[in-house]
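A.B. asks: Following this message is one structure expressed as structure tokens.
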Amino acid sequence: MKRKLIVAVIAICANLLLIGGVFAFSGKRDISALLNGDLKIIFNGEEQVLKNANGERVYPISYEGTTYLPVRAVANLVKLPVSYNQEKYAVELGSKVEYTNLVDLKHERATKYNYIINDDSLLSFRAKGSTDAKRYNNGLIFNMLTGAFSDSEYTRCYFDVDGFSDLKFTIAAKKNFANVVVYDENSSLIATFDVEEGNVIEKEIRIKGAKKIAIVANTKQSQQGQMMIYEPMVK
């Protein structure tokens with residue numbers, strides 16, 4: 001192709017839209033652009049007719065020296081999955097990465113300190129400053145002993161994560177401050193961070209190379225506490 005074409009987010013479903021961000025601009029604004037029916041689209045040496053989801057022909061748009069193509073038409077042409085996420089107000093390209101619930105994976109050495117939540121009442125948590133409790137689908141619980149004594153080989157529940165590269169979860173410090181620690185099967189530190197009592201935070205952690213992981217916590221010296229690990233998932 002003699003002319004370089006930039007594929008941008010232009011078509012969502014049957015509509016031809018310009019999505020903010022192409023011009024380092026957020027929001028929407030009216031522009032004056034050329035619907036360019038004269039420009040040929042050639043893919044692998046063959047001229048193509050671009051069509052939308054309804055099978056209707058769509059055309060490139062030329063704007064300030066740049067050519068924009070209907071994203072759905074081009075994605076279909078190169079056999080790239082495309083979808084519109086209404087909740088995120090985003091066009092998603094490529095295959096969706098599916099997460100697996102950590103609690104569904106093989107695990108070992110569940111203890112009275114670190115185990116999968118079986119009591120539905122423990123799957124709701126009201127964060128500090130919130131009026132309503134949020135409900136979660138699954139989770140783990142970690143009962144913290146005094147100070148750093150909580151974190152030991154005897155209190156950790158390890159999950160098999162061989163083949164997975166990323167971990168995401170929500171941490172809620174239900175009782176007392178929590179110093180959260182994530183280990184691999186060799187007790188090597190993967191990540192650590194603090195959560196104040198009553199607070200809820202979401203985390204994404206790289207775990208590539210780990211065959212097993214354990215999520216544990218310590219609290220203040222001479223005190224006890226409880227940490228909830230809601231909806232831990234791996235991909």
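The values are calculated or read from the model by the stated rules, or taken from the named source; none is laboratory data. Every value quoted in this text rests on a predicted model; they were computed, and no experiment measured them. Positions of Cβ are backbone-derived with ideal geometry, glycine not excepted, and every protein chain shown enters the neighbour counts.
A.B. asks: Please work out if ALA133 is free of Cβ contacts under 8 Å to residues at least 40 places away in the same chain and more than 21 Å from VAL234 (Cβ to Cβ).
C.D. replies: Values: free of Cβ contacts under 8 Å to residues at least 40 places away in the same chain: yes; more than 21 Å from VAL234 (Cβ to Cβ): yes.
Here the answer is yes, as ALA133 does meet what is asked.
A.B. asks: Next question, about the same structure. Could you check segment 116-173 and list, in sequence order, the residues that are in contact with a strand residue (DSSP E or B) (Cβ under 8 Å, 6 or more places away or on another chain), in a loop (DSSP other than H, G, I, E, B) and under 20 Å from ALA217 (Cβ atoms)?
C.D. replies: Of everything in segment 116-173, those that are in contact with a strand residue (DSSP E or B) (Cβ under 8 Å, 6 or more places away or on another chain), in a loop (DSSP other than H, G, I, E, B) and under 20 Å from ALA217 (Cβ atoms) turn out to be ILE117, ARG126, ALA127, TYR136, ASN138, ASP151, THR155, ARG156, CYS157, VAL161.
A.B. asks: Right, here's the next one. Can you tell me which residue in segment 198-218 is nearest to the chain's Cα centre (by Cα), limited to those that are within 22 Å of SER124 (Cα to Cα) and part of a loop (DSSP other than H, G, I, E, B)?
C.D. replies: ASN199
A.B. asks: Here is a follow-up. Could you pull out the residue among VAL180, VAL161, VAL195 that is within 24 Å of the chain's Cα centre (by Cα) and without any contact (Cβ under 8 Å) to a residue 40 or more places away in the chain?
C.D. replies: Numbers: VAL180 fails: without any contact (Cβ under 8 Å) to a residue 40 or more places away in the chain; VAL161 fails: without any contact (Cβ under 8 Å) to a residue 40 or more places away in the chain.
One residue alone meets the criteria, VAL195.
A.B. asks: Quick test of your reading of the structure: ALA110 fulfils all but one of (1) part of a loop (DSSP other than H, G, I, E, B); (2) at negative phi; (3) surrounded by fewer than 13 Cβ atoms within 10 Å (Cβ to Cβ). Name the failing condition by number.
C.D. replies: Here ALA110 clears every test but (3).
A.B. asks: Right, another one. Whether any residue in segment 62-76 is farther than 30 Å from ASP162 by Cβ, of a type outside the set (Gly, Ala, Ser) and exposed (fewer than 11 other Cβ atoms within 10 Å of the Cβ) is what I want to check. Please lay out each step first, then the result.
C.D. replies: Let us first name the residues in segment 62-76 that are farther than 30 Å from ASP162 by Cβ, namely 62-76.
Next cut, of a type outside the set (Gly, Ala, Ser) only: 63-64, 66-72, 74, 76.
Right, trim to exposed (fewer than 11 other Cβ atoms within 10 Å of the Cβ) and you get 64.
Checked against the condition, which is being farther than 30 Å from ASP162 by Cβ, of a type outside the set (Gly, Ala, Ser) and exposed (fewer than 11 other Cβ atoms within 10 Å of the Cβ), segment 62-76 yields at least one hit.
A.B. asks: Within segment 55-110, which residues are in contact with a Gly (Cβ under 9 Å, 6 or more places away or on another chain), more than 21 Å from THR170 (Cβ to Cβ) and among the β-branched types (Val, Ile, Thr)?
C.D. replies: Selection gives VAL82 alone.
A.B. asks: Within the set of pairs 6 or more residues apart or between chains, which connect a residue that is in contact (Cβ under 8 Å) with a residue 24 or more places away in the chain inside segment 73-87 to a residue that is surrounded by 10 or more Cβ atoms within 10 Å (Cβ to Cβ) and in a helix (DSSP H, G or I) with Cβ atoms less than 8 Å apart?
C.D. replies: Taking only residues 6 or more apart or on different chains, not a single pair turns up.
A.B. asks: Using the structure shown, decide if ASP120 is surrounded by 17 or more Cβ atoms within 10 Å (Cβ to Cβ), more than 21 Å from the chain's Cα centre (by Cα) and among the charged types (D, E, K, R).
C.D. replies: Values: surrounded by 17 or more Cβ atoms within 10 Å (Cβ to Cβ): no; more than 21 Å from the chain's Cα centre (by Cα): yes; among the charged types (D, E, K, R): yes.
Answer is no for this residue.
A.B. asks: Quick one: in segment 14-46, which of the residues that are part of a strand (DSSP E or B) and modelled with pLDDT of 85 or more is farthest from LYS79 (Cα to Cα)?
C.D. replies: Here is the first cut: in segment 14-46, the residues part of a strand (DSSP E or B) are 15-16, 34-35, 41-43, 46.
Adding the requirement that they be modelled with pLDDT of 85 or more leaves 34-35, 41-43, 46.
Details: LEU34: 27, LEU35: 24, ILE41: 16, ILE42: 15, PHE43: 12, GLU46: 16 Å.
Taking the candidates together, the pick is LEU34.
A.B. asks: For segment 110-121, check the following and say yes or no: at least one residue is of a type in the set (Gly, Ala, Ser) and either under 19 Å from ALA214 (Cβ atoms) or not assigned by TED's automatic domain parsing to the domain that holds ASP166 (or both).
C.D. replies: Within segment 110-121, the first condition is being of a type in the set (Gly, Ala, Ser), and the residues that meet it are 110, 121.
Within this subset, residues satisfying the condition of being either under 19 Å from ALA214 (Cβ atoms) or not assigned by TED's automatic domain parsing to the domain that holds ASP166 (or both) are 110.
Yes, there is a match, as at least one residue in segment 110-121 is of a type in the set (Gly, Ala, Ser) and either under 19 Å from ALA214 (Cβ atoms) or not assigned by TED's automatic domain parsing to the domain that holds ASP166 (or both).
A.B. asks: While we're looking at this one, here's another question. Give TYR89, TYR158, TYR136 a once-over and let me know the one that is at pLDDT 85 or above, outside the structural domain of VAL200 (by TED's automatic domain parsing) and aromatic (Phe, Trp, Tyr). Even if it seems obvious, please write down each step before you answer.
C.D. replies: Details: TYR158 fails: outside the structural domain of VAL200 (by TED's automatic domain parsing); TYR136 fails: outside the structural domain of VAL200 (by TED's automatic domain parsing).
Only one candidate qualifies: TYR89.
A.B. asks: Here is a follow-up. Look through segment 174-186, keep the residues that are in contact with a Gly (Cβ under 9 Å, 6 or more places away or on another chain) and outside any strand (DSSP E or B), and return whichever of them is surrounded by the fewest Cβ atoms within 10 Å (Cβ to Cβ).
C.D. replies: In the first step, residues of segment 174-186 are kept if they are in contact with a Gly (Cβ under 9 Å, 6 or more places away or on another chain); the result is 174-178, 184.
Within this subset, residues satisfying the condition of being outside any strand (DSSP E or B) are 176-177.
Details: ASN176: 17, PHE177: 19.
Among those residues, the one meeting the criterion is ASN176.
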